[in-house]
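Read the structure below first, then the notes.
Just so you know, all these numbers are worked out from the coordinates, no wet-lab data involved. The structure displayed is predicted, hence computed values, not measured ones. Cβ: placed from backbone, ideal geometry, glycine included. Neighbour counts: every protein chain shown.
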Amino acid sequence: MDWTVGNQVTHPAKPEWGLGKVVAVLGDDKLRIRFKNVGEKLLKGAPLVLVSKVTTVEATPGVAKGRLSIADYKEAFLVRLCQKAVRISVGNRATPSDRF
């Protein structure tokens, strides 16, 4: 399945974990998911049930509908910070529009 950050899922074998949100896609079948009742889990090839799928715009940090949690803001900040570090490390200079 084509997973996207922000998709909401449940694990059929672990209903006690509650609703989960995909926070990272690390490969074809490897996902990091933040479950409501147990926190983050790294799952590989797990039989997950898709509850709601987000569009590309909704999956962009800071653009999702509704309120963002503190974890979402931290994640968006770290993504931007890493992107900026990669640009600098390959020799590209950050422009004023790249400021946080």
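Observations, loosely collected:
- Annotation: lysines with alpha-carbon distance below 20 angstrom to K44 (same-chain offsets under eight excluded): K14, K21, K30, K36, K53.
- Enclosed volume per residue, in Å³, of the convex hull spanned by Cα atoms of the range 1-55: 66 Å³
- Per-residue ³J(HN,Hα) for the range 31-44, Karplus 6.51 cos²θ - 1.76 cosθ + 1.60, θ = phi - 60°, Hz, x for Gly and Pro: 10, 9, 10, 9, 8, 4, 9, 10, x, 7, 9, 9, 10, 10
- The H on the amide N of K21, modeled in the peptide plane, is under 5 Å from the matching H of V9, R34, F35, each at least 5 residues off or on a different chain.
- Computed about its Cα centre, the charge dipole of the range 1-55 is approximately 160 debye, with only Lys, Arg, Asp and Glu carrying charge at their Cβ.
- Electrostatic bookkeeping for L43 treats Lys and Arg as +1 and Asp and Glu as -1; over the other residues with beta carbon under 11 Å from its beta carbon, the sum is +3.
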